[in-house]
1. For a quick check of your reading of the model, give me the residue pairs whose first member lies in the range 123-142 and is assigned by TED's automatic domain parsing to the domain that holds Lys173, whose second is hydroxyl-bearing (Ser, Thr, Tyr), with beta-carbon atoms closer than 6 Å and at least 6 apart or on different chains.
2. Step by step: first the residues of the range 100-116, then only those that are part of a loop (DSSP other than H, G, I, E, B) and of a type in the set (S, T, N, Q), then the one that is nearest to Arg176 (Cα to Cα). Which residue is that?
3. Scan the range 108-134 for residues that are under 17 Å from the mean Cα position of the chain (by Cα) and surrounded by fewer than 13 Cβ atoms within 10 Å (Cβ to Cβ) and report the count.
4. Within the bounds of the range 169-183, is there any residue that is part of a loop (DSSP other than H, G, I, E, B) and either modelled with pLDDT of 90 or more or in contact with a helix residue (DSSP H, G or I) (Cβ under 8 Å, 6 or more places away or on another chain) (or both)?
5. On the given criteria, is Ser60 within 17 Å of the chain's Cα centre (by Cα), on the phi < 0 side of the Ramachandran plot, crowded, with 18+ Cβ neighbours inside 10 Å and small (Gly, Ala, Ser)?
6. Taking the condition of being part of a loop (DSSP other than H, G, I, E, B) and surrounded by 12 or more Cβ atoms within 10 Å (Cβ to Cβ), how many residues in the range 135-155 meet it?
Amino acid sequence: MAAKKSRHGKKRSRYKASKASGPDDTALFDAGALKSQIENLAKPLCLNEGLELVHLELLSQPSGKILRLYIDRVGGITLDDCAAVSRQLGDMLDVSIEGDWAYKLEVSSPGANRPVSKIKDFKRFAGQDINIKMVKPIDGKNSFAGKLAGAGETAVTIMVADKSLSIPFEDIKSARLINYNGEL
């Protein structure tokens, strides 16, 4: 469905719902307060629908701004789940977000390369293969792929070539499971 102007003049694609995750190397724009405000709307909505808000991204691309949500539940989600969250959240954003912020709303399952952004999820997915991109390099490397060994309160531990590597949580730019197809 083509982008549609909402009653408040914001452009959004209401039913841009897909079952596969997109690339995570697009630059995030600086919008911490806006992201927090959107998360405060999206989390209770997802919980009310029996869903988990896995991850939220605010991206700036040449075609405009993208608000991307990844949702999931035990047993997986359907396209109808994505459409319902998109419809409800879009209406909530139209009423709650101040200013003329044009965006394209995408709601998706996390897919096989599930984003991991919360310490509890790093703990939950211990034993899974993971790819971690860094804010600043460690030993000259900006990304690491290995087996997720676990997480503490301040760092994530992965096994890379039979060596344990501790990565401070604040130094992680993004992390995704590799070919994950198990349950929550």
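1. What qualifies is Gln128/Tyr180; Lys133/Ser143; Lys133/Ser174.
2. Residues of the range 100-116 that are part of a loop (DSSP other than H, G, I, E, B), as a first pass: 100-103, 109-114, 116.
If we keep only those that are of a type in the set (S, T, N, Q) as well, we get 109, 113.
Working: Ser109: 13, Asn113: 5 Å.
The selected residue is Asn113.
3. Looking only at that region, the number is 1.
4. There is at least one residue in the range 169-183 that is part of a loop (DSSP other than H, G, I, E, B) and either modelled with pLDDT of 90 or more or in contact with a helix residue (DSSP H, G or I) (Cβ under 8 Å, 6 or more places away or on another chain) (or both).
5. Values: within 17 Å of the chain's Cα centre (by Cα): yes; on the phi < 0 side of the Ramachandran plot: yes; crowded, with 18+ Cβ neighbours inside 10 Å: no; small (Gly, Ala, Ser): yes.
Judged against the criteria, Ser60 is not a match.
6. Of all residues in the range 135-155, those part of a loop (DSSP other than H, G, I, E, B) come to 139-140, 152-154.
From what's left, surrounded by 12 or more Cβ atoms within 10 Å (Cβ to Cβ): 152.
Within the range 135-155, residues that are part of a loop (DSSP other than H, G, I, E, B) and surrounded by 12 or more Cβ atoms within 10 Å (Cβ to Cβ) number 1.
The values are calculated or read from the model by the stated rules, or taken from the named source; none is laboratory data. Model, not experiment: these values are computed from the prediction. We place every Cβ from the backbone using ideal geometry, glycine too, and count neighbours over all the protein chains shown.
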